[in-house]
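Just so you know, all these numbers are worked out from the coordinates, no wet-lab data involved. Values in this document were obtained by computation on a predicted structure and should not be read as measured data. Counting neighbours? That spans all protein chains shown, and the Cβs are built from the backbone with ideal geometry, glycine included.
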Amino acid sequence: MKYFQYGRGSFFVILAVFALLAVSVGACTPAAIPETGAAAVDIEVTETGVTAPQQVSPGIATINITNTSDDPRVLMLALLNPDLTVDQFRQAVEQENFENISLVTFKGGGDATPGEENQIIVDLDEGTYVAMGFPQSDAPPIFGSFQVGGGSASQASAPEAGVLVNLSDFTFDMPNEVPAGAQTWELRNTGDQWHEMILFKLQEGTTEEELVQMLMSDQEPQGPPPFEGAGYFGPVSNGHSFWVPLDLEPGTYAAVCFLPNLVDPASGKAHVEEGMVKIFQVTGS
């Protein structure tokens, strides 16, 4: 059994792995996003579904994610292609096919701990959105939807990012050192594939090679891993950005992307196996 079981060849199982990662989140404290004048969009993840406003104005928006279920969840936002309905996309997800990813534009997402609130900022284009909640098991995801459009666009500007992370094929282009404390990160997909960022806080002395080997191993883990989850963010499609608040403690961290290689799906490789992992230091107090 892997520390984080990675389902090869299954769209549905690959998305479900995000929720498994959310269970271990705990090394960072969510920070409030700086005031930007952006409209607030409240999305609630429950035991049986995802609730959201029926209509949202286009433009920069703060997504407030709350989880009123008993289990950790991962929330993902996806803009449907114009000729696709919510029911059609739901059926496509159930078919467990990588090609279904081309039916949507992923706009970002985050983990949702029961009883807590998380925030992300996204730039909402007009169209129909699906908000998907993934549980910590391979149970089917829960769905909600909302429309963006029909009103005046938000005049809010994107928040000023203290850290810019360019997600490319297959690297994290970001500083080797970032300061500790509350700040806003911009995650910008400059590659040709979809990407995510999962943060781990490493025990002292843990190398990149050891981390990847343990994450991708098929063997039963012996004892607790030498790392803990520090946050899940994504996925985001190529050419898009979103913003997340972080409050990281000093230490050594790793950014990892587990998503599958869609250019060469027959390889069965995740992006981390293509080298998409970055070790960096959080300094200061």
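General observations
- Its alpha carbons considered, region 163-283 gives a radius of gyration followed by a Dmax of 14.2, 42 Å.
- Residues residue 238 and residue 143, FRET efficiency given R0 of 30 Å [Cβ-Cβ distance, rounded to 0.05]: 0.80
- Taking label positions 7 Å along the Cα-Cβ direction at both residue 102 and residue 213, the computed distance is 3.9 nm, reported to one decimal.
- In Hz, Karplus ³J(HN,Hα) per residue of region 237-247 (6.51, -1.76, 1.60; θ = phi - 60°; x = Gly, Pro): 7, 4, x, 10, 10, 8, 10, 9, x, 9, 9
- Inter-label distance for residue 269 and residue 204, nm, one decimal - labels placed 7 Å from Cα along Cα-to-Cβ: 3.5
- Sites residue 222 and residue 173 - FRET efficiency at Förster radius 25 Å, r taken between beta-carbons, to 0.05: 0.10
- Residues whose placed amide H lies under 5 Å from that of residue 227, excluding near-sequence neighbours: 203
- Span from the region 110-176 Cα centroid across to the region 198-220 one, whole angstrom: 26
- Other residues lying with their Cβ under 10 Å from the Cβ of residue 170 contribute a combined charge of -2, Lys and Arg counting +1, Asp and Glu -1.
- Using a simple spin-label model with pseudo-atoms 7 Å out from Cα toward Cβ, residue 136 and residue 86 lie 2.8 nm apart.
- Compared with the alpha-carbon gap, the fully stretched path from residue 153 to residue 68 is longer by 27.6 nm at 0.36 nm per residue.
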